[in-house]
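Below: one structure, written as structure tokens.
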Amino acid sequence: MAFALPHDVEDAIERAPRWPPRILQSLARTVRVSTAFSVGCSSMTLLQVDVRERALLNKLEHASIPHRAVTLDLGDVLCLPFWIVERKTNQDFAESLRSGRWHEQQHRLLTSGLRAVYIIEGDHRRTSMPYPSLLGACVNAELRALNVFRACDIDETVHIIVHLYHKCRD
């Protein structure tokens, strides 16, 4: 049985030439999974959550949000063709800054063609890096057009993702 692609996926594919190969591979997986999922649905909005994010997947099970566990090359949560989320604990955030991964990852998120969102969990004052350095990195990310949300814990992260999901469907 052949399925027609919903309009939002066609628009996403049209923009695809400027997307890196990793995003194109994720898009191809989403079209296959989500098209089958969306039969009978008014909108094709399905979250893809990286399989390594086990705690997040467990929490989303209770949030009644349609999602699928996949291996993502970029980000932790993907909602095509709208946004991509990278979730970090404060300690991982500090280590990313220290190692230089933070800047490389920002560049990849910014060039993905999707709205990039960071969710940073925990208290910046409880890391191995000075508070002003972490706060400064968040401010710089915002100034580079990345959206940075701070969450107390994984439960609050799930609430942010649920709100983002519902905004896409409105």
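The values are calculated or read from the model by the stated rules, or taken from the named source; none is laboratory data. Fair warning: this is a prediction, and the values are worked out from it, not measured in the lab. Glycine gets a Cβ as well: all are built from the backbone with ideal geometry, and neighbour counts include every protein chain shown. For accessibility, only protein heavy atoms count, side chains too; no ligands or nucleic acids. Shrake-Rupley method; radii C 1.70, N 1.55, O 1.52, S 1.80 Å.
Structural remarks
- Couplings 3J(HN,Hα) for segment 126-134, derived from phi with the Karplus relation 6.51 cos²θ - 1.76 cosθ + 1.60 (θ = phi - 60°), are 10, 10, 7, 10, x, 3, x, 5, 5 Hz, where x marks Gly and Pro.
- When Tyr131, Tyr118 are compared by accessible surface with a 1.4 Å probe, the order from highest to lowest is Tyr131, Tyr118.
- For Leu46, the residues 5 or more places off, or on other chains, whose built amide H falls under 5 Å of its own are Leu80.
- Each Lys or Arg adds one and each Asp or Glu takes one away; over the other residues whose Cβ falls under 12 Å from the Cβ of Ala141, this sums to +1.
- When the P(r) is computed for segment 60-164, the part past 19 Å accounts for 42% of the Cα-Cα pairs.
- Less than 5 angstrom separates the built amide H of Phe149 from those of Tyr118, Ile119, Ile120, all sequence-distant by 5 or more or on a different chain.
- The amide H of Trp83, built 1.01 Å from its N in the peptide plane, has Arg115 as neighbours under 5 Å, considering only residues 5 or more places off or on other chains.
- Annotation for segment 106-169: trypsin sites (Lys or Arg not before Pro) lying in DSSP loop with at most 14 further Cβ atoms inside 10 Å of their Cβ are Arg144.
- Residue-span extension gain [Glu61 to Asn147] - 0.36 nm each, minus C-alpha spacing: 28.5 nm
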